[in-house]
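The values are calculated or read from the model by the stated rules, or taken from the named source; none is laboratory data. All values derive from a computational prediction rather than experimental measurement. We place every Cβ from the backbone using ideal geometry, glycine too, and count neighbours over all the protein chains shown. We work out accessible area using only protein heavy atoms, side chains counted, and drop any ligands, DNA or RNA first. Shrake-Rupley method; radii C 1.70, N 1.55, O 1.52, S 1.80 Å.
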Amino acid sequence: MEIALSGRAVVTGAASGIGRATAEAMRDAGADVLAVDRSAEGLATLGGMETRCVNLVDDEQRATLIEEASGSRYLVNAAGLMRMKNILDFTAQDVRDIYAVNVEALWELTSGLGRHIPDGGAIVNLSSVSARLPTTLETAVYASSKAAVVSITRSFAYAFAPANVRVNAVLPGIVNTSMQDLVLEELARLRGSTVAEISQARLGMVPLRREADPSETAALICFLLSDLSGYITGQAILQDGGIVTG
């Protein structure tokens, strides 16, 4: 069955990676997409949708976006920040910076836009399989922020259920994006290894023995936004090739 979306949609982190693939998939499914990112260069290469260059950690810019996009039917919070260090080297400022994007901005958009989403609308928040795995200590702050996303999702799912607005989270695993390339490079540097060795070890954790394409995650997000998933809310759905099961 073909997925169909209708109405205005806000997608953050839309200039690249999963956010970009999602914005394009939602456009192709019929949504009127407002693509949001801090990268004007990345947004300029998107077609068939409205774009807005926004720094989501800036209170005024975020508030303006919420005001302009009020009444949208869909929201996808895909913007994210990752910073990698030895777990004992993270500073309080690192925590503040990562949480400002991954938690604070997501909370404000979910709250500010979610309360005005019409009956039958939906929100999808991007978490990560790292929220369930402690094995990559160099991403510990990022992982903790993505665990917070799962909790936020559950709370707003409960809060918005009386309005028939659903809220779910997707937890991708290893996805072929520019962020993933940076992860491999930084892990190799921090561990004194090579990108090839790190990549092989990470893929060795995946029962399906491959990474995902961003289009696969975008397809799952579109499904969760559509009426086909009308009885699904408050869920944290893993899409990790089987790394975490059950």
When restricted to 19, 42, 48, the only residue without any contact (Cβ under 8 Å) to a residue 40 or more places away in the chain, part of a helix (DSSP H, G or I) and either surrounded by 14 or more Cβ atoms within 10 Å (Cβ to Cβ) or not β-branched (Val, Ile, Thr) (or both) is 42
By residue number, the members of segment 198-212 that are touching a Ser or Thr at 6+ places or on another chain (Cβ under 9 Å), open to solvent by 50 Å² or more (accessible area, probe 1.4 Å) and in a helix (DSSP H, G or I) are 201
Evaluate segment 130-153: report whether one residue or more is assigned to a loop (DSSP other than H, G, I, E, B), of a type in the set (Asp, Glu), modelled with pLDDT of 95 or more and more than 17 Å from residue 77 (Cα to Cα).
no
Subset of segment 69-113, residues assigned to a helix (DSSP H, G or I), without any contact (Cβ under 8 Å) to a residue 12 or more places away in the chain and not aliphatic (A, V, I, L, M), comes to 89, 93, 96
Given the conditions (1) touching a helix residue (DSSP H, G or I) at 6+ places or on another chain (Cβ under 7 Å); (2) small (Gly, Ala, Ser); (3) open to solvent by 50 Å² or more (accessible area, probe 1.4 Å), every one holds for residue 145 apart from (3)
Being surrounded by fewer than 20 Cβ atoms within 10 Å (Cβ to Cβ), of a type in the set (A, V, I, L, M) and either out of contact with any Leu (no Cβ under 9 Å at 6 or more places or on another chain) or outside any loop (DSSP other than H, G, I, E, B) (or both): is that true of residue 34 here? no
